[in-house]
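Encoded as C-alpha cells, the structure appears first; notes follow it.
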Amino acid sequence: MRTQPVLTVEHLTKTFPGQVALWDVSLEVQPGEVHGLVGENGSGKSTLIKCLSGFHAPDAGAEIRVGGRRLSNPHSAAAARAAGMAFIHQDLGLIPSLSVTENFALGRGYKTRLGHQIRWKEEARRTAALLDAFGYPTIQPAKLVRQLSQAERTIVAIARVFQEDGPPVRLLALDEASSALPEAEVQRLFSAVRAAAARGVGVIYVSHRLEEVFELTKTVTVLRDGRKIGSFATADLNQAELIELIIGRPLESYYPSIERPDEDRRVLLKVQHLTGVRVRDVSFEMRTGEIVGVTGLLGSGRSELARLLFGAQVPVSGTVELLGEPVRITRPGDAIARGIAFVPEDRRTAGSFRQLTVGENLTLLDIRRFFRWAILRRRRLRALASELIERFRIKPPDADRHFYTLSGGNQQKVVLAKWLHRQPTLGILDEPVNGVDVGARAEIYRLIKAAAEAGSGILLISSEFEDICHLCNRVAVMQRGRIVAELEGERLTAEHIIEFSYSDKASTNSDKGVVAQ
Ligand SMILES: Nc1ncnc2c1ncn2[C@@H]1O[C@H](COP(=O)(O)OP(=O)(O)OP(=O)(O)O)[C@@H](O)[C@H]1O
Ligand SMILES: [Mg+2]
C-alpha cells in the first residue's frame with residue numbers, strides 16, 4: 001500500500017518581473033523521508049520554499065497539498081503553519097533587534113507588541129531549556145539576536161523550529177541551515193533532522209555541501225534554471241553524477257593545483273602574541289603568495305582573529321608587522337589604506353548594500369579611481385562591473401538589478417568579486433564559499449589561487465576541512481582562542497584538523513565545552 005505523501009506540489013511556476021524563477025515544478029515528499037533539494041545558485045530552491053511558506057504567491061495553476069489537504073493559492077503564512085509546515089529560511093528569518101526569547105515566541109505565532117498573554121519569565125526558561133537540549137547552554141535567551149554570531153543565530157533558528165508546541169509539524173523545510181555551521185556542529189543538526197524524520201515528518205533539505213546530501217537524504221530533487229531535472233534515489237547516484245545533474249556538464253577539476261611558493265618570498269604578515277577578547281596569544285607568519293587556512297570549531301576565535309587584523313576590533317595586546325613594518329591598525333580605514341581586504345562572515349548584510357544595484361555594489365570601492373576632474377567616468381565603471389559579472393559568473397548577468405533580488409549565492413559572489421579583483425596585499429576571507437554552489441565554488445577557489453599567484457597573501461578562514469587541505473599551503477587550527485596546531489605537507493589532512501579542533505588537554509572534553517567562552 002502506498003502511503004500518502006506529506007507534501008505534493010504540482011505545476012508550480014513562479015515568475016518575477018522579467019524573470020522565471022520556477023517553471024512547472026512538481027514534487028512529492030513522503031512521510032519520514034529526508035528529501036534533498038539541490039541546484040546551482042539561482043536555480044529556484046529558495047523560491048520554491050518561499051512559495052510553500054506563503055511568502056511568495058505562486059503563479060496561477062499551481063497546486064500544493066499537505067497531508068492530502070489542498071491549500072488555497074495563494075495561501076498565507078498562517079495557513080502554511082496551520083497545515084503543519086515549518087521553515088528555516090536561508091536568511092534565517094530572525095528579527096535582529098529582538099531577544100532570543102522573543103524570536104522563539106514569534107516562531108510560535110505570537111504577536112510582538114502588547115505581549116499580553118505571554119509569560120516572559122516562563123518563555124525565557126523554556127527557550128534556555130531548548131537551547132540547552134541542543135547543546136548550546138551558552139546562548140543567553142535575553143541577548144538580542146543582533147549580538148549573536150552567525151553560527152549562533154543559525155542555532156537559534158534551528159532550535160526554534162524544533163520547539164514542541166504549535167500545530168504538529170508534518171513537513172520541515174531547511175534552506176541551507178548548515179551553511180554557517182562548522183562541519184562538526186552540523187552533526188547536531190543532523191541528529192535533530194533524523195529524529196524528526198523518525199517521527200514521520202517529511203524534511204526538505206537544501207544544501208550546497210553534497211556530502212551532506214549523500215549522508216542525510218533518501219531522495220534528491222535537482223533544479224536547474226528553475227526547472228526540475230528529476231527526483232532520484234540518492235543511493236543510486238555518485239558525487240560526479242550528482243554534480244553533472246546540477247551543473248549540466250561534468251566538472252573537470254574541482255581543486256586548482258597548489259604550488260608551494262618559493263621559500264625566499266617576503267614575509268608579508270608577522271603576528272606576535274595577538275590577544276583580544278577570545279583570541280589569546282596568537283603568533284604566526286605568512287609570506288606573499290601564500291594561502292594560509294585558519295580553522296576550528298564554533299567559538300574558537302577564528303572570526304575574531306580576522307576582525308583584529310582588519311581593525312574592526314582593537315587588540316588588547318600583541319604586535320602586527322606588514323611587509324616588515326610594524327603597523328597599528330585600529331580602524332578598518334587603516335587596514336584598507338594598507339591594502340588589506342576583508343570579506344566578513346555575514347557578508348550579505350555586513351558586506352553589501354541591499355538597496356543598491358549589483359553594479360554599484362561591485363564598484364563602490366573603485367569609484368574614487370574613476371573620478372577625473374570631478375567627473376565620474378560612468379562608462380568605465382559600467383565596463384568594470386560587466387567584466388566582474390562575467391568573470392565571477394554572477395547570475396543573472398545584469399548590473400542594474402537590485403542586489404536583494406539576487407539568489408543568496410550570487411549575492412556572495414558580488415561581495416567577493418568586489419574585494420578580490422582589487423588584488424589586495426592581504427585578503428582576509430571569512431567562509432568565502434559558504435552558500436555557494438559547486439560550480440561557483442570551484443571558480444572562487446581558482447580566483448583565490450590566482451590572487452595568491454599574483455602576490456596577494458590570503459588568510460582563508462573556513463570550516464570546509466577537505467577544501468582547505470587542497471587549497472592552503474598551511475592551516476592553523478584554533479581552539480579556545482589559541483592556535484593549537486599548524487599543519488602542512490603530509491600532516492595537512494581533514495582527519496588531523498578534526499583531531500586538533502577537538503583535542504583539549506587543558507579543560508573538560510565535554511561536547512558542550514566546545515562553544516563555551
Ligand atoms: N524578489 C525577487 N525579485 C526578482 N527576482 C527574484 C526575486 N527573488 C528571487 N529572484 C530570482 O529568482 C531566481 C531563483 O532564486 P532563488 O533564490 O530561488 O535561488 P536559489 O536556488 O535559492 O539559489 P542559492 O543557492 O543562491 O540560494 C534567481 O534568478 C533570482 O534572481
Ligand atoms: Mg537559496
Checklist entry - Any idea how many residues of the stretch 186-200 are more than 22 Å from Gly408 (Cα to Cα) and open to solvent by less than 10 Å² (accessible area, probe 1.4 Å)? => result 3
Next on the checklist: If the requirement is being assigned by TED's automatic domain parsing to the domain that holds Gly36 and in a helix (DSSP H, G or I), which of these qualifies: Val169, Val220, Val156?
Outcome noted: Val156
Next on the checklist: Residues that are in a loop (DSSP other than H, G, I, E, B), touching a residue at least 60 places away in the same chain (Cβ under 8 Å) and within 19 Å of Ala157 (Cβ to Cβ): does the stretch 78-86 have at least one?
Outcome noted: yes
Next on the checklist: Residues to consider are Ala454, Ala399; find the one that is within 16 Å of ligand 1 (Cβ to nearest atom) and small (Gly, Ala, Ser).
Outcome noted: Ala399
Checklist entry - Inside the stretch 14-26, can you point out the residues that are open to solvent by less than 70 Å² (accessible area, probe 1.4 Å), away from ligand 2 (no atom under 16 Å from the Cβ) and farther than 21 Å from Tyr404 by Cα? => result Ser26
Next on the checklist: For the stretch 1-40: of the residues being of a type in the set (Val, Ile, Thr) and within 16 Å of ligand 1 (Cβ to nearest atom), which is nearest to Leu189 (Cα to Cα)?
Outcome noted: Val38
Checklist entry - So Arg65 clears everything in (1) more than 16 Å from ligand 1 (Cβ to nearest atom); (2) in a loop (DSSP other than H, G, I, E, B); (3) of a type outside the set (Val, Ile, Thr) except one condition, right? Which one? => result (2)
Checklist entry - Residues Ser72, Ser43: which one is assigned by TED's automatic domain parsing to the domain that holds Leu131, of a type in the set (Ser, Thr, Tyr) and within 16 Å of ligand 1 (Cβ to nearest atom)? => result Ser43
Checklist entry - Only one of (1) modelled with pLDDT of 95 or more; (2) among the aliphatic types (A, V, I, L, M); (3) within 16 Å of ligand 1 (Cβ to nearest atom) is not met by Ala233, so which one is it? => result (3)
Checklist entry - Looking only at residues in the stretch 141-150 that are part of a loop (DSSP other than H, G, I, E, B) and under 23 Å from the mean Cα position of the chain (by Cα), which one is farthest from Glu102 (Cα to Cα)? => result Ser149
Checklist outcome for this item: Filter the stretch 107-133 for residues that are open to solvent by less than 100 Å² (accessible area, probe 1.4 Å) and outside any helix (DSSP H, G or I); the one that is modelled with the lowest pLDDT is Thr112
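Residue-by-condition table, conditions (1) open to solvent by less than 20 Å² (accessible area, probe 1.4 Å); (2) in contact with a His (Cβ under 7 Å, 6 or more places away or on another chain):
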residue: Thr288; (1), (2): no, no
residue: Ile291; (1), (2): yes, no
residue: Glu304; (1), (2): yes, no
residue: Val314; (1), (2): no, no
residue: Gly318; (1), (2): no, yes
residue: Arg331; (1), (2): no, no
residue: Ala335; (1), (2): yes, no
Next on the checklist: Just checking, does the stretch 387-397 include any residue being open to solvent by 30 Å² or more (accessible area, probe 1.4 Å), touching a Gly at 6+ places or on another chain (Cβ under 8 Å), in a loop (DSSP other than H, G, I, E, B) and under 26 Å from Pro332 (Cβ atoms)?
Outcome noted: no
Next on the checklist: Here's a check for you: in the stretch 34-68, which residue that is farther than 22 Å from Arg441 by Cβ and among the small types (Gly, Ala, Ser) is nearest to ligand 2 (Cβ to nearest atom)?
Outcome noted: Ser53
Next on the checklist: Among the residues that make up the stretch 375-384, is at least one of them within 16 Å of ligand 1 (Cβ to nearest atom), among the β-branched types (Val, Ile, Thr) and either modelled with pLDDT of 85 or more or not in a loop (DSSP other than H, G, I, E, B) (or both)?
Outcome noted: no
Checklist entry - When the residues of the stretch 173-184 are filtered to those that are modelled with pLDDT under 85 and open to solvent by 10 Å² or more (accessible area, probe 1.4 Å), which remaining residue is nearest to ligand 1 (Cβ to nearest atom)? => result Ser179
Checklist outcome for this item: Residue hits (the stretch 233-252; open to solvent by less than 60 Å² (accessible area, probe 1.4 Å) and of a type outside the set (A, V, I, L, M)) are Thr234, Gly248
Item to check | Of residues in the stretch 402-426 being more than 10 Å from ligand 1 (Cβ to nearest atom) and part of a helix (DSSP H, G or I), the one surrounded by the most Cβ atoms within 10 Å (Cβ to Cβ) | outcome: Leu416
Checklist entry - Condition test on Leu420, is it modelled with pLDDT of 90 or more and closer than 27 Å to Asp91 by Cβ? => result no
Checklist entry - Any residue at all in the stretch 437-453 that is in a loop (DSSP other than H, G, I, E, B), hydrophobic (A, V, I, L, M, F, W, C), buried (at least 22 other Cβ atoms within 10 Å of the Cβ) and touching a residue at least 24 places away in the same chain (Cβ under 8 Å)? => result no
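The values are calculated or read from the model by the stated rules, or taken from the named source; none is laboratory data. From a predicted model like this one, the values you see are computed outputs, not experimental measurements. When we count neighbours, we look across all protein chains shown, and the Cβ atoms used for this are built from the backbone with ideal geometry, even at glycine. The area values use the complete protein model at the heavy-atom level, side chains included, leaving out ligands, DNA and RNA. Shrake-Rupley method; radii C 1.70, N 1.55, O 1.52, S 1.80 Å.
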